[in-house]
Structures are given as C-alpha cells and as structure tokens.
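The values are calculated or read from the model by the stated rules, or taken from the named source; none is laboratory data. Because the structure is predicted, anything quoted here is derived from the model rather than measured. All Cβ positions, glycine included, derive from the backbone under ideal geometry; neighbour counts span all protein chains shown.
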Amino acid sequence: MSAVAKSDSAPRSQAEARVRGFARAAARLLENPLAAAGLAVVLALVAMAVFADTVSFHIPPNAQDLNARLLAPGAAHWFGTDDLGRDIYARVVHGARVTLSIVALVAAIVAPIGLAVGASAGYFGGIVDVVLMRITDIFLAFPRLVLALAFAAALGPGIENAVIAIALTAWPPYARIARAETVTIAKSDYVAAVVLQGAAASRILFRHIVPLCLSSVIVRLTLDMAGIILTAAGLGFLGLGAQPPTAEWGAMVAAGRDVVLEQWWVATIPGLAIFIVSLGFNLLGDGLRDVFDPRAS
Amino acid sequence: MSEPPLFEVEGLDVVYAGRDEATHAVRDVSFSLGRERLGIVGESGSGKSTTGRALLGLIASPGIVTARRLTFQGEDLRALDDRGWQAMRGRRLSMVMQDPKYSLNPVKRIGEQIMETFRLHNPGASREAKGRALAMLEAVRIRDPEAVFHRYPHQLSGGMGQRAMIAMMLIGEPDVLVADEPTSALDVTVQNEVLRILDDLVSARGMGLIFISHNLTIVSSFCDRVLVMYAGRVVETLDAKALDQARHPYTRALLAAAPSLDAPKAELSVVTRDPAWLA
Amino acid sequence: MAASLLATILGLTAVTFSIGRFIPVDPVLAIVGDHAGKSTYDRVRLEIGLDRSVPEQYFLYLKKVLSGDFGHSVMTSNPVIQDLAHFFPATLELATIATLIGVFAGVPAGVAAGALKGRWPDHVVRFLGLFGYSMPIFWLGLVGLWLFYAKLGWVGGPGRIDVGFEDLVTTRTGLLLVDSAIEGNWDVFSNALGHLVLPAALLGYISLAYIARMTRSFIIEQLGQEYVVAARVKGCSFWGAVWRHAFPNVLVPLITVIGLSYASLLEGAVLTETVFAWPGLGLYITRSLFNADMNAVLGGTLVVGAVFIGINAISDFLYRIVDPRLREA
C-alpha cells in the first residue's frame with residue numbers, strides 16, 4: 001500500500017470508498033508498463049472507432065480508384081491501396097469500428113447472461129444448480145469456430161450472426177466463474193447478515209453478490225476479448241462476418257491473399273492491426289488480473 | 001557442557017524488501033543451542049517461524065538473512081552454497097513442519113517420501129532404504145508400518161501424518177531438529193501422543209531440539225530453556241523451570257493469560273501491548 | 001460421468017438439428033437442389049419427415065445420425081459420412097503433430113519459466129506465449145507461406161502433397177506419413193513431410209503458447225506449497241524438488257490442459273487448412289458452407305463437436321486416474 005493511503009482519513013461514504021478503491025487499482029495497474037501499453041492500445045482502438053472519419057482524414061474507406069490499384073505505402077496512401085484502389089489506412093481505421101462493435105456486443109451479451117446463470121446456480125443450489133450447470137457444460141463443450149460456421153451457413157453471413165454465433169459459445173466460462181464466486185460468497189457472514197435483515201433473494205443477488213463477482217468477470221472478459229477478436233477476424237477471413245464492401249480486418253487479409261507475394265501490404269497490415277489489438281487486450285487483461293488477484297500471476 | 005554448542009547465533013536479522021518499506025521479521029536474535037531442548041515462544045508475526053527457517057537456509061528472496069555469527073557445529077552457515085545446504089539438510093539438520101496435509105507430497109506414497117531422505121544422503125544404499133523406512137515407521141509407533149508405507153498422505157489421519165513426517169525427517173539421523181509448531185494442527189487428544197514420540201526419539205538420539213510454538217504451556221513442560229519473542233526480537237530467555245521468575249512484562253502477560261483448571265479465573269486476561277516493547 | 005457425456009453429445013445433436021431445421025432456407029431444397037422435380041421434392045419432404053412434429057423429427061434425425069446417415073453431400077454427391085472419413089485423417093494428422101510439439105516443447109518451457117520466475121527464461125517464454133495467443137493464425141500462415149515457401153523455398157507449398165505424388169501409396173490409415181512409411185516409399189514420405197512442416201509448426205506454436213503458459217502457472221502454484229519446502233529440508237536440490245516433487249503434481253491439471261489444447265486445435269485447423277489448402281475436415285466444412293451444402297456442414301460440425309467433446313471427456317477421465325486423491329472417489 002502506498003504511503004498516501006495511510007495518511008488519508010477514512011472515506012466518508014460508500015461512493016467515496018469505491019472511487020478511492022478504483023483510483024488505487026488504476027494507479028497500480030499503470031505502474032506496470034506492459035499493462036499501461038495494453039490500455040493505450042485499447043483506448044486507441046476506441047478512439048479510432050469513435051472518431052473514424054477524423055482519424056482517417058475523411059478519406060472514404062470504400063472509394064474505389066482503379067487507376068490507383070495496389071500502390072505501395074507512401075506519402076499519398078500511408079498503408080498503400082488494395083486491388084480496387086481503396087486506401088488501406090482508411091479501411092484499417094474504419095475496420096476498428098467493426099472490430100469494436102463485435103467485441104462490445106459479445107461482451108454485452110455474455111457477461112450478463114453468464115453472471116445471471118452462474119450467480120443463480122451458486123446461490124439457489126440444489127436442482128437449479130444442477131440444471132443450469134448441466135446446460136453450461138453442454139455449451140462449454142462446443143467448438144466455438146465450427147459452431148459459428150454452422151450458424152453462418154444457416155443464417156447467412158453478416159455481423160449480427162457472427163456476434164450471435166460467438167456469444168453462444170462464449171458465455172459458459174462466465175457462468176462458471178460467477179457460480180464459483182457466488183458459492184464462496186453465499187456462505188459468508190456478510191450475506192447471512194443481509195438475509196437476516198430480510199432482503200429478498202433477488203436483492204441479495206443483484207446488490208450484494210453480483211458486484212463481488214464483477215472483478216473476476218471483468219478480468220476474464222478482457223482476456224477473452226483477444227480471443228473473440230481473433231475468432232471474429234477468422235470468420236471475416238472465411239468470408240462470414242461483415243460483408244463487402246464494409247472494411248473488416250479479417251476480410252481484408254483474405255482479400256490480400258492472392259497478391260501477398262508481390263503486394264505484401266494488402267494482407268499484412270490488417271493482420272498486424274488484428275495482432276496489435278489482440279496483444280493489447282491480453283496485456284491489459286494480464287495487468288488487471290495482477291491487480292485484482294495477485295496470487296494468480 | 002564439555003562439547004561446543006551445536007548452534008551459535010548472534011545478531012540474526014531477517015529483512016523482507018517490500019514495495020514501499022522493508023519488513024524486519026527477525027531483529028538481532030541471539031542464542032546458543034547445545035544437546036538440549038530450546039523452546040521459542042511467540043504469537044503470530046513474532047518471527048519465531050522465520051527464525052527457524054533461517055536456521056535451515058530456507059529464507060528465499062526477497063528475504064535477506066544477515067548475522068554477526070551463525071554457526072552450526074562450528075561451520076559458518078552464511079558461507080554455505082546450494083551444495084553445502086543439500087548435504088546439511090536432512091542429514092545433520094532437519095525440520096518438522098506444522099500441517100502434514102500440506103507438508104507431505106499428495107501424489108507420492110508415504111514410504112517413497114521417507115525413503116527419499118535416506119537415499120539422498122546414502123546414494124548406492126537403495127536396498128537398505130525400505131528396511132530403514134519401515135524401522136522409522138515403527139519408531140514413531142505406527143501400528144501397521146507395511147500398510148502405511150504404501151498409503152498416500154490423504155489416507156492418513158492428522159496424527160499419523162505428523163508421525164510419518166517425523167519419520168521422514170529423522171531417518172537421516174540429524175543432530176538438531178527444528179520443530180515448527182509440530183502439534184498445532186492436531187487435535188488435543190493426539191497432541192500428547194505425538195509429543196511423547198518426539199520426546200522419546202530426541203532423548204534416545206541425544207539430539208538438540210528447537211521447539212517453536214505459540215503455546216507457552218506445552219513449551220514450558222517440554223523444553224529445558226525458553227526464548228520469548230515479540231515483534232521479531234527476543235524479549236526474554238529463561239529456564240523452563242524458572243518461568244514464574246520471568247521479568248519482562250510480555251512474558252508475564254503471556255503467563256497470566258494462560259487458562260488454568262487449578263486456578264480458574266472469572267475473566268481471561270488479555271495482553272496489553274506496550275509500544276516500548278517494539279524498541 | 002458417462003451420463004453427462006451422453007447428455008452433452010445429445011445436446012450437440014439438438015443444436016445441429018435446430019440449425020438445420022430452423023434455417024431460413026428450405027431444408028428440402030438444401031438436399032435436392034434447385035433443379036429437382038416436384039415428385040423428388042415431395043418424396044424427400046416425406047423422407048426427412050417434415051410432415052411430422054418437431055420432436056418426432058428430432059428423433060428421426062437422431063436415429064439417422066446414430067446409424068451413420070448424415071445424408072448426401074450436394075457438392076460431392078457422396079454420402080457425407082464417406083466424405084468425413086476421407087477428410088478427417090488429414091486434420092487428425094495436423095492436430096496430433098501440433099499437440100506433440102506443444103507438449104514436448106511447451107511443458108519444459110513452462111516448467112523452466114515458472115521455476116525461474118522473474119529471470120530471463122521466464123520473460124522469454126512469457127513473451128513467446130503472449131505473441132502466440134494474440135496472433136491471428138491465418139495471417140501468420142500467410143506470412144509463413146510467403147517467407148518459407150515463396151521466398152526461401154524451404155518447405156512445400158499449399159496442399160498436402162505435390163500433385164505428382166498423389167495416389168502413389170495405398171490409403172490404409174489416411175495418414176500420409178504413416179501410410180508411406182509402412183510401404184517404405186520415402187519419396188512420398190519426404191514430400192508429405194515438406195508440406196506438413198509449416199502448418200504443423202504453426203499450430204504447434206499456438207499449442208505451445210497455451211501449454212507453456214498453463215504449465216508455468218501450475219508450477220508456480222506448486223512451488224509455493226509446503227511439501228516443496230519439506231523436500232528441500234530433506235536435502236533435495238532445487239531442480240530435484242521442481243521435477244521430482246512439484247512436477248508430478250502439475251501433471252494432474254496439465255492433462256486437462258493438453259486435452260483442451262488438442263481439442264481446440266482440431267477446430268483451429270479450420271483456418272489453417274484454408275490458408276494451406278489442406279484437405280481436412282475444416283476445409284470440407286468451409287467449402288460446403290459456401291455451396292450451401294447443409295448436410296455436409298452439419299455432419300462435419302457434428303463430428304468435430306463430438307470429437308471435441310470426446311477428447312475433453314477422456315482427459316477428464318485420465319485426470320481422475322492420475323490424481324490419487326480422486327481414485328477412490
């Protein structure tokens with residue numbers, strides 16, 4: 001603990017305690033240079049996605065110019081152009097949007113579902129636990145990519161279907177984590193006290209138990225992001241996911257496949273983008289885990 | 001004593017480098033040990049276990065061990081390298097740890113673990129190992145040595161596990177044994193049994209014993225001399241028989257706090273700590 | 001335990017059935033194609049039982065699956081099960097070799113990294129690992145092909161074997177290396193090996209990254225345990241304590257990890273096979289997908305899913321055997 005914490009007075013409200021805790025955690029996270037780098041990458045991704053037009057200097061990502069096909073990276077086109085003369089830099093920047101939306105949507109789906117299923121299973125126990133965990137195990141046992149392929153085959157390619165396909169196989173680990181934490185917490189005196197105060201089960205679950213599971217879930221989510229990005233890019237590479245002419249990094253790599261020998265930048269640069277973003281999430285996730293659960297490093 | 005002391009410790013310090021400040025787990029501890037039983041008593045955090053581990057060279061970074069003098073049978077322990085320690089531990093110096101649930105390897109059979117100590121120090125005498133291990137199991141009064149030999153640690157009760165640990169650590173015939181809270185993890189009914197076994201073995205072999213515990217009552221009845229530790233320092237050294245003549249307020253407070261069937265008190269006393277003791 | 005395995009596989013069939021049944025595309029058309037006549041359409045419609053209730057249809061489906069009838073592939077016009085048997089060994093070959101690389105390189109690396117935590121071997125292993133699971137494998141494959149095949153000519157190109165060497169050995173196991181070794185045809189063997197090296201190394205690296213990371217984490221956990229201290233007290237050397245005491249305890253959870261890695265390689269092969277035109281199950285599924293060949297896609301998914309589940313079940317089982325504390329339980 002830093003010297004600052006010792007000399008401060010005690011926090012005056014729960015909100016203040018939370019803010020202080022958050023600030024302490026953030027400070028510790030940033031002490032780790034790798035985690036800080038990861039955070040920088042993630043923030044850059046968000047910035048690129050939100051301010052795509054500005055960051056790409058308003059170059060339209062889908063504007064074709066058949067006279068400027070397959071140009072090498074240079075002053076006019078920082079990352080060169082692809083086989084339809086589109087500016088790759090602009091496409092990479094706009095591709096960030098696609099990547100971020102997929103990641104955000106998947107996260108927004110799997111975290112609540114996983115938490116709900118796991119916390120309920122852990123808290124109510126008995127038959128509820130058995131049934132929910134059986135279902136979780138079944139979904140956990142499915143191969144993610146192949147199932148996504150099957151979905152895409154059935155429902156057709158597209159971002160929404162890709163998100164559904166990934167989310168359907170990504171939620172089980174969160175249910176498991178939430179359940180494990182809930183089982184431990186539910187036995188604690190802290191929860192017994194709330195029960196004695198007459199709280200209903202739903203209140204106990206949502207206001208007391210779930211917040212305590214959150215840190216594990218957040219760490220796991222961040223680490224999973226990297227894998228989700230890779231799966232989404234993989235689907236894009238195979239031609240599922242975002243459809244042309246939308247710029248999507250995986251699809252861009254696939255498009256550059258034929259010319260990889262001579263015009264290496266068409267496939268290599270989007271691939272590098274995928275790699276860097278995935279690396280960033282992994283570094284951030286590792287850093288978060290060190291802060292929240294140092295024993296597990 | 002005509003023989004030189006087994007252990008000579010002067011100014012032992014163990015410091016852990018921390019993120020913002022260093023922690024002094026052990027401060028300026030000095031004592032000597034002959035073929036006798038020395039008890040080290042203190043509460044959690046007093047540095048008694050750390051002292052014991054420092055004597056066996058088990059303090060790893062970020063801990064740093066320094067001493068003006070730290071000799072065992074005349075050898076300077078501070079100068080020992082890995083090889084030197086390997087030869088020393090198990091053979092001349094050994095340690096029994098607190099909880100057999102954790103201190104025995106869960107995936108190896110008991111017999112295997114006991115034989116290992118023997119084999120490490122008697123290479124080439126493999127065939128004798130089994131016989132010796134069985135003999136040790138008998139010496140710690142395990143009723144069916146052959147059966148226990150083939151068992152896994154999780155199949156033994158606490159008392160049996162601790163006895164197996166004692167067998168494992170004494171088979172090398174060390175001259176000094178450090179017992180770190182050897183009975184603290186056991187049921188009270190089993191504690192006495194294990195203590196008696198330890199007593200017999202230590203006496204029969206003429207070993208030196210360092211008995212580390214938070215329980216002043218056990219230590220005073222079991223040991224010849226007692227070291228009282230508080231916050232990393234030795235606050236008092238006395239003969240076990242002369243405990244009632246203790247002078248340091250902490251020792252007196254510990255004595256007063258021990259419940260007694262003969263002189264029941266209406267209220268158990270609690271130690272009031274004087275910050276002066278930390279100086 | 002067997003009951004839960006059964007439940008999981010049944011669950012898988014329910015999923016594949018649902019996908020097949022509730023797709024927006026007319027399932028009959030998916031089977032007979034666009035040019036079938038009305039009588040064929042009606043016949044097939046009755047055959048797949050579309051006139052019955054959904055649970056009945058599911059049972060019909062289940063019966064067929066259990067008897068190995070996955071329908072016919074629109075693309076190859078073979079029974080899907082025949083196609084699957086033909087393409088599966090290639091994927092098996094790739095995944096197996098990659099896992100072997102992952103185990104024999106990854107485990108020692110992980111042990112070294114964990115035992116020497118904070119020192120340079122640890123940093124090296126951790127970085128290699130980090131790169132491994134941040135890496136889009138299809139991209140690395142492309143880069144690898146460009147470098148080692150196009151530029152350096154060190155390895156064979158896409159495909160499993162050069163055209164001139166095809167069909168030179170009789171297919172016994174479907175595993176080219178094994179089949180050619182049996183016949184002593186070393187030309188075929190070395191050509192096949194040349195093609196196998198790059199995709200196997202790639203997948204092997206991914207496997208290695210995961211296995212090394214988990215091994216490192218397990219070893220660090222074990223090295224903090226009291227029984228390791230006890231081993232040092234007995235006079236054990238540092239590395240003796242690592243390999244003879246900590247490692248056997250690491251083996252227990254490691255089995256599950258290796259199983260998981262093997263299983264995930266089987267499906268990760270999908271992307272690698274696309275890049276390397278490797279004629280395995282992944283390529284089969286992807287191609288069927290683009291031909292709207294639902295039978296093939298679902299049949300392939302079912303097989304991959306079942307093998308995936310099966311491997312995890314086996315490693316679960318082995319876990320119970322290896323850990324003495326679980327043996328009687």
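Can you report the number of residues in region B:110-121 which are more than 11 Å from every other protein chain (Cβ to nearest Cβ) and surrounded by fewer than 20 Cβ atoms within 10 Å (Cβ to Cβ)? Show your work before the answer.
Filtering region B:110-121 down to residues more than 11 Å from every other protein chain (Cβ to nearest Cβ) leaves B:110-111.
Next, from what is left, pick out any that are surrounded by fewer than 20 Cβ atoms within 10 Å (Cβ to Cβ): none.
Residues in region B:110-121 being more than 11 Å from every other protein chain (Cβ to nearest Cβ) and surrounded by fewer than 20 Cβ atoms within 10 Å (Cβ to Cβ): 0 in total.
So which residues in region B:31-82 are of a type in the set (D, E, K, R) and surrounded by fewer than 22 Cβ atoms within 10 Å (Cβ to Cβ)? Steps first, please.
Just the residues of region B:31-82 that are of a type in the set (D, E, K, R), to begin with: B:35-37, B:43, B:48, B:53, B:68-69, B:75-76, B:78, B:81-82.
Of everything in region B:31-82, those that are of a type in the set (D, E, K, R) and surrounded by fewer than 22 Cβ atoms within 10 Å (Cβ to Cβ) turn out to be B:Arg35, B:Glu36, B:Glu43, B:Arg68, B:Arg69, B:Glu75, B:Asp76, B:Arg78, B:Asp81, B:Asp82.
Within region A:225-246, does at least one residue satisfy the condition of being more than 12 Å from every other protein chain (Cβ to nearest Cβ) and on the phi > 0 side of the Ramachandran plot?
yes
Considering only region B:179-186, I want to know if a residue exists there that is within 29 Å of B:Glu75 (Cβ to Cβ) and not in a loop (DSSP other than H, G, I, E, B). Steps first, please.
So the first thing to find is which residues in region B:179-186 are within 29 Å of B:Glu75 (Cβ to Cβ), and the list is B:179-182.
Those left that are additionally not in a loop (DSSP other than H, G, I, E, B): B:179-180.
Checking region B:179-186: at least one residue is within 29 Å of B:Glu75 (Cβ to Cβ) and not in a loop (DSSP other than H, G, I, E, B).
So C:Ala292 passes all but one of these: (1) within 23 Å of C:Val257 (Cα to Cα); (2) within 11 Å of another protein chain (Cβ to nearest Cβ); (3) of a type outside the set (Phe, Trp, Tyr); (4) in contact (Cβ under 8 Å) with a residue 24 or more places away in the chain. Which condition number does it fail?
Every condition holds for C:Ala292 apart from (1).
Looking only at region C:12-45, count every residue that is surrounded by 12 or more Cβ atoms within 10 Å (Cβ to Cβ), at pLDDT 70 or above and over 17 Å from A:Ala148 (Cβ atoms) and tell me the total.
11
Regarding region A:225-240, can at least one residue be identified that is surrounded by fewer than 21 Cβ atoms within 10 Å (Cβ to Cβ) and modelled with pLDDT under 90?
Yes, region A:225-240 has at least one match.
I'd like to know if region A:104-115 contains one or more residues that are surrounded by 16 or more Cβ atoms within 10 Å (Cβ to Cβ) and part of a loop (DSSP other than H, G, I, E, B).
Looking only at region A:104-115, we keep the residues that are surrounded by 16 or more Cβ atoms within 10 Å (Cβ to Cβ), and these are A:105-107, A:109-111, A:113-115.
From what's left, part of a loop (DSSP other than H, G, I, E, B): none.
No, region A:104-115 has no match at all.
Starting from region A:267-279, keep only residues that are in contact (Cβ under 8 Å) with a residue 60 or more places away in the chain, then list their pairs with residues that are surrounded by fewer than 20 Cβ atoms within 10 Å (Cβ to Cβ) and outside any helix (DSSP H, G or I) whose Cβ atoms are within a distance under 9 Å, requiring at least 6 positions of separation or different chains.
Qualifying pairs under 9 Å: A:Ile269/A:Pro73.
I'd like to verify a number: residues in region C:277-289 that are more than 10 Å from chain A (Cβ to nearest Cβ) and either in contact with a Pro (Cβ under 9 Å, 6 or more places away or on another chain) or of a type in the set (A, V, I, L, M) (or both), how many?
Just the residues of region C:277-289 that are more than 10 Å from chain A (Cβ to nearest Cβ), to begin with: C:277-280, C:283-284, C:287.
If we keep only those that are either in contact with a Pro (Cβ under 9 Å, 6 or more places away or on another chain) or of a type in the set (A, V, I, L, M) (or both) as well, we get C:277-278, C:280, C:283.
Adding up the residues that qualify gives 4.
Kindly list the number of the only condition in (1) within 8 Å of chain A (Cβ to nearest Cβ); (2) more than 18 Å from C:Ser4 (Cα to Cα) that fails for C:Pro324.
Unmet condition: (1).
Go through (1) surrounded by fewer than 19 Cβ atoms within 10 Å (Cβ to Cβ); (2) at pLDDT below 90 and name the single condition A:Ala49 misses.
(1)
For region B:133-163, which positions are within 14 Å of chain C (Cβ to nearest Cβ), assigned to a helix (DSSP H, G or I) and out of contact with any Leu (no Cβ under 7 Å at 6 or more places or on another chain)?
The initial filter retains those residues of region B:133-163 that are within 14 Å of chain C (Cβ to nearest Cβ), namely B:133, B:136, B:150-156, B:161-162.
Remaining after also requiring assigned to a helix (DSSP H, G or I): B:133, B:136, B:153-155, B:161-162.
The answer is B:Ala133, B:His154, B:Gln155.
Hey, which of the helices (runs of 4 or more DSSP H) in region C:154-261, taking only ones fully inside, have at least 1 residues that are within 14 Å of chain B (Cβ to nearest Cβ)?
Numbers: elements: C:176-183, C:186-223, C:226-234.
Hits in region C:154-261: C:186-223, C:226-234.
Do we have B:Ile59 as assigned to a strand (DSSP E or B) and either within 24 Å of C:Arg232 (Cβ to Cβ) or hydrophobic (A, V, I, L, M, F, W, C) (or both) here? Spell out the reasoning first.
Working: assigned to a strand (DSSP E or B): no; either within 24 Å of C:Arg232 (Cβ to Cβ) or hydrophobic (A, V, I, L, M, F, W, C) (or both): yes.
Considered against the rule, which asks whether it is assigned to a strand (DSSP E or B) and either within 24 Å of C:Arg232 (Cβ to Cβ) or hydrophobic (A, V, I, L, M, F, W, C) (or both), B:Ile59 comes out as no.
Taking C:Pro324, is it crowded, with 17+ Cβ neighbours inside 10 Å and in contact (Cβ under 8 Å) with a residue 60 or more places away in the chain?
Values: crowded, with 17+ Cβ neighbours inside 10 Å: yes; in contact (Cβ under 8 Å) with a residue 60 or more places away in the chain: no.
When the stated conditions are applied, C:Pro324 does not pass them.
Looking at region A:252-264, I want the residues that are within 10 Å of another protein chain (Cβ to nearest Cβ) and have a partner that is assigned to a loop (DSSP other than H, G, I, E, B) and of a type in the set (D, E, K, R) with Cβ atoms under 9 Å, at least 6 apart or on another chain. Which pairs are those?
Sorted first by the residue in region A:252-264, then by its partner, the pairs are A:Gly256/A:Asp82; A:Gly256/A:Asp83.
If a residue must be part of a helix (DSSP H, G or I), within 14 Å of chain C (Cβ to nearest Cβ) and not hydrophobic (A, V, I, L, M, F, W, C), how many such residues does region B:72-92 contain?
Within region B:72-92, the first condition is being part of a helix (DSSP H, G or I), and the residues that meet it are B:77-79, B:82-88.
Next, only the ones that are within 14 Å of chain C (Cβ to nearest Cβ) stay: B:82-88.
From what's left, not hydrophobic (A, V, I, L, M, F, W, C): B:82-84, B:86.
Total satisfying the criteria: 4.
Only one of (1) touching a residue at least 40 places away in the same chain (Cβ under 8 Å); (2) farther than 16 Å from C:Pro136 by Cα is not met by A:Ala200, so which one is it?
(1)
If a residue must be loosely packed, with under 15 Cβ neighbours inside 10 Å and touching a Lys or Arg at 6+ places or on another chain (Cβ under 9 Å), how many such residues does region B:123-140 contain?
Of the residues in that region, 2 qualify.
Give the residue, chosen from B:Gly159, B:Gly232, that is more than 13 Å from the chain's Cα centre (by Cα), buried (at least 19 other Cβ atoms within 10 Å of the Cβ) and under 29 Å from B:Lys108 (Cβ atoms). Walk me through how you get there before you give the answer.
Details: B:Gly232 fails: under 29 Å from B:Lys108 (Cβ atoms).
Step by step, each of B:Gly159, B:Gly232 is checked, and only B:Gly159 is more than 13 Å from the chain's Cα centre (by Cα), buried (at least 19 other Cβ atoms within 10 Å of the Cβ) and under 29 Å from B:Lys108 (Cβ atoms).
Give me the pairs: first residue in region B:136-161 and within 17 Å of B:Val190 (Cβ to Cβ) and free of Cβ contacts under 8 Å to residues at least 40 places away in the same chain, second residue of a type outside the set (Gly, Ala, Ser) and not in a helix (DSSP H, G or I), beta-carbon distance under 6 Å, and six or more apart or on different chains, which are they?
That search, which allows pairs on different chains as well, returns B:Val148/B:Ile142; B:Gly159/B:Leu186.
Return yes when A:Val163 is among the β-branched types (Val, Ile, Thr) and within 13 Å of chain C (Cβ to nearest Cβ) and no when it is not. Walk me through it before giving the result.
Values: among the β-branched types (Val, Ile, Thr): yes; within 13 Å of chain C (Cβ to nearest Cβ): no.
Judged against the criteria, A:Val163 is not a match.
Where residues in region C:267-283 are part of a helix (DSSP H, G or I) and touching a Phe, Trp or Tyr at 6+ places or on another chain (Cβ under 6 Å), which of them is surrounded by the fewest Cβ atoms within 10 Å (Cβ to Cβ)? Break it down stepwise before answering.
Of all residues in region C:267-283, those part of a helix (DSSP H, G or I) come to C:267-276, C:281-283.
So of that shortlist, the ones also touching a Phe, Trp or Tyr at 6+ places or on another chain (Cβ under 6 Å) come out as C:271, C:275, C:281.
Values: C:Leu271: 27, C:Val275: 24, C:Leu281: 29.
It comes out as C:Val275.
Output the residues belonging to region C:230-251 that are in contact (Cβ under 8 Å) with a residue 60 or more places away in the chain and touching a His at 6+ places or on another chain (Cβ under 6 Å).
Those that are in contact (Cβ under 8 Å) with a residue 60 or more places away in the chain and touching a His at 6+ places or on another chain (Cβ under 6 Å): none in region C:230-251.
Specify which of the listed residues (B:Asp28, B:Asp13) is in contact (Cβ under 8 Å) with a residue 60 or more places away in the chain, among the acidic types (Asp, Glu) and within 25 Å of B:Leu254 (Cα to Cα). Give the steps one after another, and end with the answer.
Working: B:Asp13 fails: in contact (Cβ under 8 Å) with a residue 60 or more places away in the chain.
On inspection, the qualifying residue turns out to be B:Asp28.
For region A:157-174, indicate whether the set of residues that are of a type outside the set (Phe, Trp, Tyr), more than 18 Å from the chain's Cα centre (by Cα) and crowded, with 17+ Cβ neighbours inside 10 Å is non-empty. Walk me through it before giving the result.
The initial filter retains those residues of region A:157-174 that are of a type outside the set (Phe, Trp, Tyr), namely A:157-170, A:172-173.
Next cut, more than 18 Å from the chain's Cα centre (by Cα) only: A:157-158.
Filter once more, so that each one left must be crowded, with 17+ Cβ neighbours inside 10 Å: A:157.
Yes - at least one qualifying residue is present in region A:157-174.
Looking at region C:277-299, can you tell me whether even one residue there is modelled with pLDDT of 85 or more and closer than 20 Å to C:Ile101 by Cα?
Yes, there is a match, as at least one residue in region C:277-299 is modelled with pLDDT of 85 or more and closer than 20 Å to C:Ile101 by Cα.
From the list B:Thr237, B:Thr183, exactly one residue is of a type outside the set (Lys, Arg), under 20 Å from B:Lys48 (Cβ atoms), out of contact with any Lys or Arg (no Cβ under 9 Å at 6 or more places or on another chain) and touching a residue at least 12 places away in the same chain (Cβ under 8 Å). Which is it? Outline the logic, then answer.
Working: B:Thr237 fails: out of contact with any Lys or Arg (no Cβ under 9 Å at 6 or more places or on another chain).
Being of a type outside the set (Lys, Arg), under 20 Å from B:Lys48 (Cβ atoms), out of contact with any Lys or Arg (no Cβ under 9 Å at 6 or more places or on another chain) and touching a residue at least 12 places away in the same chain (Cβ under 8 Å) holds for just one of B:Thr237, B:Thr183, which is B:Thr183.
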